[in-house]
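Asker: This is the structure I have questions about; it appears just below.
The values are calculated or read from the model by the stated rules, or taken from the named source; none is laboratory data. Owing to the predicted nature of the structure, the values given are computational and were not obtained by experimental measurement. Note that we place each Cβ from the backbone using ideal geometry, even for glycine, and neighbour counts take in every protein chain shown.
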Amino acid sequence: MAVNGSVLHGSQTLLIADDDPRIRGFIMDLVRGESGIRVLGEAGDGEEAVRLACELRPAVVLMDLAMPRMGGLEALRRTKREVPATKVIVVTVHGEDAYRRAAFACGADAFIVKKRLRGELLSTLRRVDESARGDRERRTRP
């Protein structure tokens with residue numbers, strides 16, 4: 001579902017994709033009040049995540065791996081194919097290396113284990129934003 005109006009005011013736009021509304025709410029609470037961050041929408045499954053990423057074109061998608069209708073890895077692949085400028089941060093309960101490798105193989109730009117969200121989300125968003133800014137600068141140089 002698209003979020004009407006700005007939840008936050010700023011330049012980095014987010015789409016939150018997780019089947020658990022409590023996790024989506026927790027993420028909203030973490031970014032609320034942070035200058036430079038605005039949540040554009042929320043998705044409760046992988047298909048909706050891809051559709052909203054294409055429609056809203058956020059700077060960043062926070063993508064859970066275990067979602068109904070389309071798993072997070074497939075949603076990640078499709079999002080990166082359809083909206084290549086969008087950065088995708090995987091947010092999952094699965095911290096094992098196999099999940100991390102699979103996520104990066106599918107195009108993830110960063111990976112956060114959910115139990116570390118409170119301590120790592122904002123710094124990861126800043127790092128991904130700096131990376132995106134560098135990508136844009138490289139593309140615009142003669």
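Asker: Just name the residue that is farthest from ARG69 (Cα to Cα) out of those in the range 18-38 that are modelled with pLDDT of 95 or more and of a type in the set (Val, Ile, Thr).
Answerer: ILE27
Asker: Still on this model: Filter the range 71-92 for residues that are of a type in the set (A, V, I, L, M) and at pLDDT 95 or above and give the result.
Answerer: Pass one, the range 71-92, residues of a type in the set (A, V, I, L, M): 73, 75-76, 83, 85, 88-91.
Scanning the range 71-92 gives LEU73, ALA75, LEU76, VAL83, VAL88, ILE89, VAL90, VAL91.
Asker: Checking the conditions here, which among ALA103, ALA53 is of a type in the set (Gly, Ala, Ser), surrounded by 17 or more Cβ atoms within 10 Å (Cβ to Cβ), within 11 Å of the chain's Cα centre (by Cα) and closer than 25 Å to GLU130 by Cβ? Before the answer, list the steps.
Answerer: On the way: ALA103 fails: within 11 Å of the chain's Cα centre (by Cα).
Selected residue: ALA53, the only one of ALA103, ALA53 that is of a type in the set (Gly, Ala, Ser), surrounded by 17 or more Cβ atoms within 10 Å (Cβ to Cβ), within 11 Å of the chain's Cα centre (by Cα) and closer than 25 Å to GLU130 by Cβ.
Asker: Report whether or not LEU15 is modelled with pLDDT of 95 or more and assigned to a helix (DSSP H, G or I).
Answerer: Working: modelled with pLDDT of 95 or more: yes; assigned to a helix (DSSP H, G or I): no.
So LEU15 fails the test.
Asker: Moving on to the next point. Counting only residues that are under 15 Å from ASP20 (Cα atoms) and outside any strand (DSSP E or B), how many does the range 59-93 have? Outline the logic, then answer.
Answerer: Of the range 59-93, the ones under 15 Å from ASP20 (Cα atoms) are 62-72, 90-93.
With the extra rule that they be outside any strand (DSSP E or B), the set shrinks to 64-72, 93.
Adding up the residues that qualify gives 10.
Asker: Within the range 96-115, identify whether any single residue is among the aromatic types (Phe, Trp, Tyr) and assigned to a strand (DSSP E or B), and answer yes or no. Walk me through how you get there before you give the answer.
Answerer: The first filter runs over the range 96-115 and keeps only residues among the aromatic types (Phe, Trp, Tyr), leaving 99, 104, 111.
Right, trim to assigned to a strand (DSSP E or B) and you get 111.
Yes, the conditions are met somewhere in the range 96-115.
Asker: If you don't mind, another one. Select from the range 41-90 the residues that are touching a residue at least 40 places away in the same chain (Cβ under 8 Å) and in contact with a Lys or Arg (Cβ under 6 Å, 6 or more places away or on another chain) and list them in ascending order.
Answerer: Within the range 41-90, GLU42, VAL60 qualify.
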